[in-house]
Amino acid sequence: MKKNWMSYPYIVWMLIFIFIPLLLVLFYSVTMRTDQGLIFTLDHYQRFLEPIYLKVLFRSIYLAFICTVLCLVLGYPMAMILAGNDFKRKNIMVFLFVIPMWMNFLLRTYAWMTLLERRGLINTFLSWLRLAPLNLLYTQEAVVLGMVYNFLPFMVLPIYSVLSKIDQQLIEAAEDLGADSVTVFRKIIFPLSLPGVISGITMVFMPAVTTFVISRLLGGGQFTLIGNLIEQQFLYVGDWNFGSAISMVMMLVILLSMGVMSRYDKEHEGGGLW
Amino acid sequence: MKKSRRFLLLVLLGISILVLTSCGKEERIVLNVYNWGDYIDESVIKTFEKQFKIKVNYDTFSTNEDMYVKIKSGGGNYDVLFPSDYAVKRMINEGMLHKLDFDNIPNYQYIEDRFKNLDYDPENEYSIPYMWGTVGILYNQTMVSKPVTSWRILWDEEYKKQILMLDSQRDSIGITLKMLGYSMNTKNYDQLEAAKQALIKQKPLVLAYVGDDVKDKMISGEAALAVVWSGDAVFMMRENSDLRFALPEEGTNLWFDAMVIPSTSKHKAEAEKFINFLCEPEIAFKNTDYIGYSTPHSEAKKRLDPELLNDKAAYPSDEELANSEIFKDLSSFMKDYDRIWTEVKAD
């Protein structure tokens, strides 16, 4: 598309709110305020390489990975059902699926707290069945549950949009040629839905790896993730330099994972985000 | 062509609205107040606005560090702040505060003498105390059979996964140092290392490290023991009669929140009016009654419900506070506390 004056507001917007702040983060991450004024340093990055911070990084990636896999396993069949042929039911299903997203994300996470508590709904139900109460809240599993619950729509919706665009004739042709349903899925549906899967994975992995609210509320502050670390540096310690360095590392992780993902999405056949 | 003219008209309209409204504002001074969340009786602000014809823009923060970082980075343009002791000290050291003109604050006379000239502001030039309190253990007496007299009970295997710790570096490390018999303001690496090891050892027993949600959890009986601030304890005990508050014998943190004026304020005289207003006996009483923390104001204290005055949580005796300490500003040593806290929580 030819550039015209319509695009300038967006360019200015991006400059002010994306490009310049990014430069500032980069600037903070490589400088240090000393008595002699600002000096260039890589100390903050070196500090990040200490085992304790690497451990936090790996935990973040590990939990985000588990969350992404679970979202894919749960979300793909869901997307197939949504994209199915039963039109009457389909609209209601999509509607029901999207409704929770109208509610604030924090509220939904708080709601999980009251469900999982020791005296919460689930444990009340268990004790009513005369079963021993479970320690559900403030565990690693609770954190993963919160992530999966909150980010599942980001997996389902892109896959759904790709699946619903697949030409039905391709599937019919395959069936005519004798392919059973497993082969149809393996050879036709899944490969065609790959762009949706990839954007789904990126859209789930990114917020999962950077979240700090879910781990604080459902993990009870016991499972420090990279997002918590950054928040702590900016809000409590006031060490903007180290916080910026962690943010840069985080961005690098996301860029790398996006780079890896985009290698599998060479064709860019719609549905993909990038 | 037509479209662009309409656009131009809109822009002009927008600009004129902006100009006109900003003119309107000039007549009335706006005082920007930055306080802790839920830390004032809001009706007091309305009374002030009516009485002095000054508009108050009221804003809240949740930790000293939060507030400090915002002021330091030049944000907000506030006229009155409510930092705690060590934050006041830090801001004084860094030249971030105006000296107060006490001729404009005659109600300072009502502040009890023992709350004047404290360590963080030894000459009492910059700050006027607003509220004070302690940190202690809140416990549910139906779940805790042992006597709660020491911080050590938070390390007792019997209460595994029933203990709530504060998700606040200085408080949690501070009480651990106290338990070990060290100062809360230590800069000794060996002592800090010992505190770190103790906290790591305690971690399997801890249900969660929480902030304000401690109130919900303790009131609903989710946990047996929690580290809480005294004013919150008063509130929670009102809501759940099984809860009790104890000040451990090793001593605890004694803290003060004070009113100060940042040096960036352009309405110092009005800010002093506001501070003086908050020190008026009736107003100070109203706030104390609403907030539940302890007041340094002699007249406000006289008007309080005697039951609250006898409440050891709100007004502990001098003996109970004997071993307690006030936080000192650690300035750049804070980074080491942060590292310890990260190692505890990330382990």
task = Determine the sum of side-chain charges near A:I171: Lys and Arg each +1, Asp and Glu each -1, restricted to other residues whose C-beta is under 14 angstrom from that of A:I171.
result = -2
ask   = So if R0 is 51 Å, what FRET efficiency would A:L126 and B:Y189 give, r being the distance between their Cβ atoms, rounded to the nearest 0.05?
value = 0.60
request  = Report, in degrees rounded to the nearest 10, the 0 to 90 angle that the Cα long axis of helix A:240-263 makes with the longest principal axis of chain A.
outcome  = 30
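What is the extension gain from B:E49 to B:K160, computed as 0.36 nm multiplied by their sequence separation minus the C-alpha to C-alpha distance, in nm to one decimal?
Details: separation 111, 0.36 × 111 = 39.96 nm, distance 5.10 nm.
Taking 0.36 nm per residue and subtracting the Cα distance, the gain is 34.9 nm.
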query = With each pseudo-label sitting 7 Å past Cα toward Cβ, what's the A:Q46-A:W5 distance in nm, one decimal?
reply = 5.4
key: Charge dipole of segment A:53-263 about the Cα centre (unit charges at C-beta), most positive-ward option of A:L115, A:I61, A:T224   = A:L115
Additional length obtainable on full extension of the chain from A:K165 to A:E141, 0.36 nm per residue less Cα span = 5.1 nm
request  = Pairs of Cα atoms under 8 Å, at least six residues apart: use those to get the relative contact order of chain B, whole percent.
outcome  = 26
inquiry  = I'd like the Karplus ³J(HN,Hα) series for segment A:114-123: coefficients 6.51, -1.76, 1.60, θ = phi - 60°, whole numbers in Hz, and an x wherever there's a Gly or Pro.
reply    = 6, 6, 8, 3, 5, 10, x, 4, 5, 6
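Using r as the Cβ-Cβ distance of B:N117 and B:R28, and R0 as 41 Å, what FRET efficiency do you calculate, to the nearest 0.05? Walk me through the numbers on the way to the answer.
Working: r = 37 Å, r/R0 = 0.89.
After rounding to 0.05, the efficiency reads 0.65.
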key: Cut-off under 5 Å, modelled amide H: who pairs with A:Q222 long-range   = B:Y209
query = Do the alpha carbons of any pairs in B:K72/B:K187; B:K53/B:K266; B:K178/B:K302; B:K89/B:K187; B:K70/B:K187 sit beyond 28 Å of each other, and which pairs?
reply = B:K178/B:K302
message = Under a crude label model (7 Å from the Cα following the beta-carbon direction), how far is A:D176 from A:L255 in nanometres?
response = 5.0
key: GNM top mover of A:E141, A:E172, A:E231 - chain A, alpha-carbon springs below 10 Å   = A:E172
remark   = Note on chain A: the mean projected area of its alpha-carbon convex hull, in nm², is 21.4
task = Divide by every residue of chain A the summed helix terms, -39500 (n - 2.57) for each DSSP H run of at least 4, and state the resulting mean residue ellipticity at 222 nm, rounded to the nearest 500 deg cm²/dmol.
result = -21000 deg cm²/dmol
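How large is the convex hull of the C-alpha atoms of chain B per residue, in Å³? Walk me through the numbers on the way to the answer.
Numbers: hull volume 61.9 nm³, N = 347.
Dividing the Cα hull volume of chain B by its residue count gives 178 Å³.
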ask   = Dividing the alpha-carbon radius of gyration of segment B:50-183 by 2.2 N^0.38 Å (N being the number of residues), what value is obtained?
value = 1.38
ask   = Any idea how far apart A:T34 and A:I16 come out in nm if each label point goes 7 Å out from Cα toward Cβ?
value = 3.7
task = Would you mind checking which residues have amide H under 5 Å from B:T60's amide H? H placed 1.01 Å from N; only 5 or more apart, or other chain.
result = B:N35
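Full-extension gain between B:K146 and B:K266, please, as 0.36 nm times their residue separation minus the C-alpha to C-alpha distance.
On the way: separation 120, 0.36 × 120 = 43.20 nm, distance 5.53 nm.
Contour length minus the Cα-Cα distance gives 37.7 nm.
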request  = Name the residues whose placed amide hydrogens come within less than 5 Å of the amide hydrogen of A:T31, ignoring near sequence neighbours (fewer than 5 apart) on the same chain.
outcome  = A:T41
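In debye, nearest 20, what is the charge dipole magnitude of the protein assembly as shown about its Cα centre with +1 on Lys and Arg Cβ and -1 on Asp and Glu Cβ, if you could check?
On the way: 62 positive and 71 negative charges, 493 e Å.
Computed charge dipole of the protein assembly as shown: roughly 2360 debye.
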task = Mark the label point 7 Å from the Cα of B:D242 along Cα→Cβ and return the residues of segment A:115-147 whose backbone N is within less than 12 Å of it.
result = A:119
task = Report the semi-axes of the equivalent ellipsoid for segment B:153-312 in whole Å, largest first, where each axis is √(5λ) for an eigenvalue λ of the Cα gyration tensor.
result = 33, 22, 14
remark   = With Cα coordinates, the longest principal axis of chain A makes an angle with the long axis of helix A:140-163, in degrees rounded to 10, of 50
query = Sorted from largest down, what three extents in whole angstroms do the Cα atoms of the protein assembly as shown have along their principal axes?
reply = 95, 75, 53
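Throughout, read-outs are computed from the coordinates displayed, never taken from laboratory work. Because the structure is a prediction, the values reported are computed rather than measured. Here Cβ is always computed from backbone atoms with ideal geometry, including for glycine, and neighbour counts include all displayed protein chains.
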